[in-house]
Amino acid sequence: MGGSIVYSFLSSRKGAGALYVNVTNNCTNSCRFCGREAAIEGKRNIYEEKAGVPLVLGKRPEVEDIIREVEAKRKKPFLGFFGGTKEIAFVGLGEPLLEFGLVCNAIHALRYHGYRGRIRIDTNGQVGWPILFGCHEVYWPNPAHDLKLAGLTDIVVSLNATSAEEYAKLCRPQFETASETAFEIACKFIRNCISEGIRTSVSFVVGFDDGEVRTQRACDYIKWATSCFGIQSKRVIIGQYVKPILEG
């Protein structure tokens, strides 16, 4: 299959007890600060360096693949040493909610197989796009509700902007609808997740400046997000931009 479906960070105590699930190479954004394209091109990148495993998938995984690999990883001695699996996070290389049905079914299956810990998704929040089944386009009318029913407890939405204009310049979304921008879709999804009782965090990258676009200060993002979404400041995650790894 190529890249790893399920992986963990053995070198970091902070990530101990967590398993990360990788379901796609694709994304609806082409963020200026992201190293995903470098990974797909076979270049060194921060994501695979941190994970310590290849992440570019050879094909789409199935629910059975995810369950099998999670169960195998949960039996590793290091997870027992740190008190067992505390969290399973759908993160990976691409945008996990592009595989919305797969992720929902995988979460449900994890619960069915007895996992009772936290389940998290890291996403850009763009779940307003149609899913193609054969020749038919299917929209998920209430994705936050479906995720909650499946057993999701936590979600982190990478927003990285405070307006549609800023979002378009920094995140370069590939799709928009006639009535909503990608930024508006993400913001609506955040509010729906909060309404469903999912522990919702919003993340922003700081320290990026390519001469055309510069990110804001952390304090500005925190002030805006707490006011816009009514969340506590601890639910605003600030990530420092990491420069690409240069081949040498």
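The values are calculated or read from the model by the stated rules, or taken from the named source; none is laboratory data. In this text, all values refer to a predicted model and were calculated from it rather than measured experimentally. We place every Cβ from the backbone using ideal geometry, glycine too, and count neighbours over all the protein chains shown.
Regarding the range 157-170, can at least one residue be identified that is more than 20 Å from Glu95 (Cβ to Cβ) and assigned to a loop (DSSP other than H, G, I, E, B)? Outline the logic, then answer.
Taking the range 157-170 as the starting set, the residues that turn out to be more than 20 Å from Glu95 (Cβ to Cβ) are 162-163, 165.
Now narrow it down to the ones that are assigned to a loop (DSSP other than H, G, I, E, B): 162-163.
Yes, because at least one residue in the range 157-170 is more than 20 Å from Glu95 (Cβ to Cβ) and assigned to a loop (DSSP other than H, G, I, E, B).
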Considering only the range 236-246, I want to know if a residue exists there that is touching a residue at least 60 places away in the same chain (Cβ under 8 Å) and among the polar types (S, T, N, Q). no
Which numbered condition trips up Phe229, out of (1) aromatic (Phe, Trp, Tyr); (2) touching a Leu at 6+ places or on another chain (Cβ under 9 Å); (3) modelled with pLDDT of 95 or more? (2)
List the pairs whose first member sits in the range 142-155 and is in contact (Cβ under 8 Å) with a residue 40 or more places away in the chain and under 10 Å from Ile198 (Cα atoms), whose second member is of a type in the set (Ser, Thr, Tyr) and part of a helix (DSSP H, G or I), and whose Cβ atoms are under 8 Å apart, counting only residues at least 6 apart or on separate chains? Ala144/Ser195
Counting only residues that are out of contact with any Ser or Thr (no Cβ under 6 Å at 6 or more places or on another chain), crowded, with 21+ Cβ neighbours inside 10 Å, among the aliphatic types (A, V, I, L, M) and not in a loop (DSSP other than H, G, I, E, B), the range 81-101 contains a total of 1
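Any idea which residue in the range 191-217 is surrounded by the most Cβ atoms within 10 Å (Cβ to Cβ), counting only those that are touching a strand residue (DSSP E or B) at 6+ places or on another chain (Cβ under 8 Å) and not in a strand (DSSP E or B)?
Going residue by residue through the range 191-217, those that are touching a strand residue (DSSP E or B) at 6+ places or on another chain (Cβ under 8 Å) are 193-194, 198-208, 215-217.
Checking which are not in a strand (DSSP E or B) leaves us with 193-194, 198, 207-208, 215-217.
Details: Cys193: 27, Ile194: 18, Ile198: 20, Gly207: 15, Phe208: 18, Thr215: 20, Gln216: 17, Arg217: 12.
Among them, the one singled out is Cys193.
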When (1) buried (at least 21 other Cβ atoms within 10 Å of the Cβ); (2) modelled with pLDDT of 95 or more are applied to His108, the one that fails is (1)
Subset of the range 49-67, residues out of contact with any strand residue (DSSP E or B) (no Cβ under 9 Å at 6 or more places or on another chain), of a type outside the set (Asp, Glu) and in a helix (DSSP H, G or I), comes to Lys50, Val63, Ile67
For the range 178-186, check the following and say yes or no: at least one residue is in contact (Cβ under 8 Å) with a residue 12 or more places away in the chain, crowded, with 18+ Cβ neighbours inside 10 Å, of a type outside the set (Lys, Arg) and within 17 Å of Gly230 (Cβ to Cβ). yes
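Here's a check for you: in the range 145-156, which residue that is assigned to a helix (DSSP H, G or I) and out of contact with any His (no Cβ under 7 Å at 6 or more places or on another chain) is surrounded by the most Cβ atoms within 10 Å (Cβ to Cβ)?
Here is the first cut: in the range 145-156, the residues assigned to a helix (DSSP H, G or I) are 145-150.
Right, trim to out of contact with any His (no Cβ under 7 Å at 6 or more places or on another chain) and you get 145-149.
Numbers: His145: 15, Asp146: 19, Leu147: 27, Lys148: 19, Leu149: 13.
So the residue we want is Leu147.
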Among the residues of the range 15-39, which ones are without any contact (Cβ under 8 Å) to a residue 12 or more places away in the chain and part of a loop (DSSP other than H, G, I, E, B)? Gly15, Cys34
Condition first: assigned to a loop (DSSP other than H, G, I, E, B), out of contact with any strand residue (DSSP E or B) (no Cβ under 7 Å at 6 or more places or on another chain) and either surrounded by 12 or more Cβ atoms within 10 Å (Cβ to Cβ) or of a type in the set (S, T, N, Q) (or both). Now tell me which residues in the range 218-248 satisfy that. Gln232, Val242, Pro244, Ile245
Which of the residues belonging to the range 111-126 are surrounded by fewer than 20 Cβ atoms within 10 Å (Cβ to Cβ) and within 19 Å of Ser201 (Cα to Cα)? Gly117, Arg118
